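Novice: Would you mind keeping the following structure in view while I ask a few things?
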Amino acid sequence: MKERTAIIPGSFDPLTYGHVDIIRRSASLVDKLYVVVGSNSSKQALFTAEERKEHICSVLSDLENISVEIWDGLTVDFLKKVGSPLIIKGVRDSNDFYYEMEQATANKILFPEHETLLMAADPQLTFVRSSTIKEMVRFGADVSSIVPEVVNRALIEKYKQLT
C-alpha cells in the first residue's frame, strides 16, 4: 500500500496554537506530513526560517510522522520533490477561504495532479492571527494563551532585542 503523504506550507511567524491544531489534526490523517516553513513575500518575517523550524520541532516533537522542512520556492515544486499529491491548509474565516482558494487554483494550474484540502480551524482559535500576536507582544501584552511557551519566550526575547 502506498504511503499517504501531505504537506502543510506556511510562514508560521510565529507558530500559534491554531497552527499546532491544524498540524496535529493533519498528522492524524496521513502516514507522513511535511510541515514546510516558507517565506511570504508580502510579509516581513520576525523570526528566521531556522528559528521557526526550531519552534515547530520543539512544540511537535511527539509527532513521529512529521518532517519540518525549510523551502524558499513554489509550494508545488516541494510537492514534486517529495512526491506528495496533497496540500493541507487551515482556514479561519471567509477571508482565509478566498485567499486559499486562489492559491489552490494557481497551484492546480502549475501542478494539475495535486489536491488542496482546506481544514476548518478550531472555532476557539479562529481569532488567532500571527500579525495580531506580533502587534500585541510589541506593546507588552501577554499572549501565552495563544502561542506555545517556547514561542512566547522567543517573542518576548525578540522584541527586547529590537527595542
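Bear in mind that the values in this text are calculations on the coordinates, not laboratory data. Just so it is clear, the structure is predicted and the values come from calculations on it, not from any experiment. Counting neighbours? That spans all protein chains shown, and the Cβs are built from the backbone with ideal geometry, glycine included.
Novice: For segment 67-78, in order, what is each residue's ³J(HN,Hα) by Karplus, 6.51 cos²θ - 1.76 cosθ + 1.60 with θ = phi - 60°, in whole Hz (x at glycine and Pro)?
Specialist: 10, 9, 10, 9, 9, 10, x, 5, 4, 5, 5, 5
Novice: Of the options 58, 111, 41, report the single residue whose Cα projects farthest towards the positive end of the charge dipole of the chain (beta-carbon charges: Lys, Arg +1; Asp, Glu -1).
Specialist: Of the candidates, 41 comes out farthest on the positive side.
Novice: Label points 7 Å out from Cα along the Cβ direction at residue 61 and residue 156: separation in nm?
Specialist: Each label point is offset 7 Å from its Cα along the Cβ direction, giving 2.0 nm.
Novice: Can you compute the label reach from residue 82? Point 7 Å from Cα along the Cβ direction, backbone N cut-off under 20 Å, restricted to segment 38-55.
Specialist: 38-41, 48-55
Novice: Regarding the chain, what's the average projected area of the Cα-atom convex hull, expressed in nm²?
Specialist: Details: hull surface 38.3 nm².
Answer in nm², one decimal: 9.6.
Novice: Go ahead and estimate [θ] at 222 nm for the chain from helices alone: -39,500 (n - 2.57) per DSSP H run with n ≥ 4, summed, over the residue count, rounded to 500.
Specialist: -13000 deg cm²/dmol
Novice: Taking the chain as the reference, fit the longest principal axis to its C-alpha atoms, fit the long axis of helix 94-110 to the helix C-alpha atoms, and give the angle between the two in degrees, 0 to 90, nearest 10.
Specialist: Its long axis makes an angle of about 40 degrees.
Novice: Throw me the Rg/Rh for segment 1-74, computed over C-alpha atoms with Kirkwood Rh, two decimals.
Specialist: Answer for segment 1-74: 0.97.
Novice: Turning to a different aspect of this structure: 5 Å is the cut-off here: which amide hydrogens, built 1.01 Å from N in the peptide plane, fall below it relative to residue 66, excluding neighbours closer than 5 in sequence?
Specialist: 33
Novice: Just to confirm a number: summing +1 for Lys and Arg and -1 for Asp and Glu over residues other than residue 130 whose beta-carbon lies under 9 angstrom from that of residue 130, what do you get?
Specialist: Working: positive: 43, 129, 134; negative: 13.
Combined, the nearby Lys, Arg, Asp and Glu give +2.
Novice: GNM, the chain, Cα, under 10 Å: largest mean-square fluctuation among 14, 85, 123?
Specialist: Among 14, 85, 123, the largest GNM mean-square fluctuation belongs to 123.
Novice: Within a Cβ distance under 15 Å of residue 75, other residues only, what is the Lys/Arg minus Asp/Glu net charge? Don't jump to the answer; show the numbers that get you there.
Specialist: Working: positive: 80, 81, 89, 108; negative: 69, 72, 77, 100, 102, 113, 115.
Taking every Cβ under 15 Å from that of residue 75, the sum is -3.
Novice: Which lysines, on any chain, are close to residue 2 with Cα under 26 Å apart, when same-chain ones fewer than 8 places away are left out?
Specialist: Within reach: 32, 80, 81, 89, 108.
Novice: Okay, next question. Between residue 102 and residue 131, what is the label-to-label distance in nm when each label sits 7 Å out along the Cα-to-Cβ direction?
Specialist: Once both label points are built, they end up 1.2 nm from each other.
Novice: Another question about this same structure. Most mobile of 125, 74, 33 per a Gaussian network model of the chain (Cα springs, under 10 Å)?
Specialist: Judging by the Gaussian network model, the answer is 74.
Novice: For segment 42-88, which GluC sites (Glu not before Pro) are in a loop by DSSP, counting at most 13 other Cβ atoms within 10 Å?
Specialist: Numbers: sites: 50, 51, 54, 64, 69; in loops: 64.
Qualifying residues, ordered by number: 64.
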